[in-house]
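What follows draws every value from the coordinates through simple rules; no lab data is involved. It should be emphasised that the depicted structure is a prediction, and the values quoted were computed from it without experimental measurement. Quick reminder, even Gly has a Cβ in these numbers, built from the backbone with ideal geometry, and neighbours come from all protein chains shown.
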Amino acid sequence: MFYGRGSELNRMNMLYESNEHQMVVIYGRRRVGKTSLINEFCKGKRTLFFSALESTAEGNLVALSKAINNFIHPHSSINSKYTTFDDAFKEIYEETQREKLVFVIDEFPYLASADRSISSVLQHAIDRMFSKTNIFMILCGSSMSFIEDQVLGHNSPLYGRRTAQFKIEPLNYLEAAEAHPGISPETNALIYGITGGVPHYINKLAVGTDSDLGNSVVENLLERHCYLFEEPANLLKQELREPATYNSLIATMAGGAARLNEISNKTSLEYALCSKYISVLISLGIIGKKEPVCGRTKNKTLYFVKDNLFRFWYRFISDNMSLIMAGKAKLAYDLEIRPYLDHYMGITFEDICRQYLVYHADVPFPIKVIGSWWGGNPETKVPEEIDILAVNGKNSIFGECKWQSAPTDLAVLKGIKRKAELFPEFDNKYYYLFSRSGFTSGVNKAAEEDGSIRLITLTDIYNPRSAEDSPK
């Protein structure tokens, strides 16, 4: 099932219809849906698809030769091997003279690692042959640092040859919900909180209806032989040389350590080395870092587990491994996971609300910067936190996000207004309350009387147009 990549697909089809030479670079972390996007784009188009191997140059040349032979002679046993990659590219060029062609090299970093000269060979093929045709080339890769340095970077032989690039990110919350149009916003939010909008994970979790969620988590995530149970460990082994060290770092951050010195102390890694390892995890999209919007003091950087599947795994599975390995996954879910999902979802709900404000909400001013804020109250000396702070010049939005079973009450509204007083530099202040379970009558009345207060329900978030009718 293909979903959630409509803008990328439309743009690629526009480039294809231009009938000009194209070299499109598509890259992003593993499992994010790059190949699915390419396959959807290639439907109905004359396509030569070559998936590079984590092998030698000779092995990849043999594989490319087979791909070309199968393309040209699909019903024949012809299995000739080209002498060089340049010869193979010449054959592909000849095919472009007959009819328009899409030529895909999937996992290009594997090919480039096997043959260091391949980027130069491909550059010459583009300059001498492909640029004179209407071929639609796609270079795809999961190693984001390699693509950015060795394909898009200034020092790459391929620099300047690309005609478009797509960095494929996990789906946002609303795109992810396209996989389950028949289930409730609450269940869609929970799925997003577990999968982080990675299509492969959404598909593997395999939630069919609202009532399926618990069983799907047990059967497709907690059972020790299922795919998602092994996914974090397998991904670390594939991407990293020292998975045990990185495992320790992720576990420490999932356990609540957020500042670099704290993480360094708890993992017994030297400060500089710890910073280096965290940078690698950030490049893989597993770890994120943040600073407070309008931060007034230094050294406020916090690190967190950004990938929701990793966050869920290290929060719930790692701590309950004994029960799970004993074959009691259902018991682990009932006793150790389900009662704590609301607390776990707090961070995810904040993320969803920020996405809603940026992409879907009818906001009173264009948002320039958005994030959260934390710091000390200069009067009370008590630490304060603001879930959402969005600003542009003298305009500001202060947001509070409540993923709880009870309606949000006046105490929450009074609290966010009190915190907003810490920012006298803003002339225009708006107060956004986001609530999974709606609002008390007192909050609704306050919003009716005060135009600076906006009340947003989970239904509004998942049906953005309905938010226009919310109290303002």
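General observations
- Dipole magnitude of the chain, debye to nearest 20 (Cβ charges: Lys/Arg +1, Asp/Glu -1, about Cα centre): 640 debye
- Charge sum, other residues only, whose C-beta stays under 12 Å from Cys274's C-beta, Lys/Arg counted +1 and Asp/Glu -1: +1
- Of the GluC sites (Glu not before Pro) found in the range 216-308, those that fall in a DSSP loop while having at most 10 other beta-carbon atoms within 10 Å are Glu270.
- Angle between the chain longest axis and helix 227-239 axis [Cα atoms, degrees, rounded to 10]: 60 degrees
- Here is how the number arises for the chain: DSSP H runs of 4 or more residues each give -39500 (n - 2.57), the sum is divided by the residue count, and the result at 222 nm is -12000 deg cm²/dmol.
- Equivalent ellipsoid of the range 190-282: semi-axes from √(5λ) of the C-alpha gyration tensor, largest first, are 31, 14, 11 Å.
- The C-alpha atoms of the chain define a longest principal axis, and helix 118-128 lies at about 70 degrees to it.
- DSSP bridge pairs, the range 339-442: antiparallel proportion in percent, nearest 5: 55 percent
- Neighbourhood net charge (13 Å Cβ-Cβ; Lys/Arg +1, Asp/Glu -1) for Ala114: -3
- Listed by chain and number, the lysines placed with their C-alpha closer than 16 angstrom to that of Lys167 are Lys34; residues fewer than eight positions away on the same chain are left out.
- Cα-based reach from Lys290 at 20 Å (exclusive), listing aspartates and glutamates while leaving out same-chain residues under 8 positions away: Glu169, Glu262, Asp307, Glu350, Asp351, Glu384, Glu385, Asp387, Glu400
- Taking Cα centre as origin and charging only the Cβ of basic (Lys, Arg, +1) and acidic (Asp, Glu, -1) residues, the dipole magnitude of the range 405-463 rounds to 200 debye.
- Prolate/oblate/rounded label for the range 6-167 (Cα gyration tensor, a/c 1.5): rounded
- Nearby lysines by direct alpha-carbon distance to Lys381 (threshold 16 angstrom, same-chain neighbours under 8 apart not counted): Lys419
- Average projected area [Cα convex hull, the range 360-469], square nanometres: 7.1 nm²
- For the cross-link pairs Lys90/Lys132; Lys300/Lys414; Lys402/Lys445; Lys204/Lys237, the ones whose C-alpha atoms lie over 23 Å apart are Lys300/Lys414.
- Between the Cα long axis of helix 6-17 and the first principal axis of the chain there is an angle of about 30°, rounded to the nearest 10.
- Measuring max minus min along each principal axis, the C-alpha atoms of the chain give extents of 76, 52, 46 Å (largest first).
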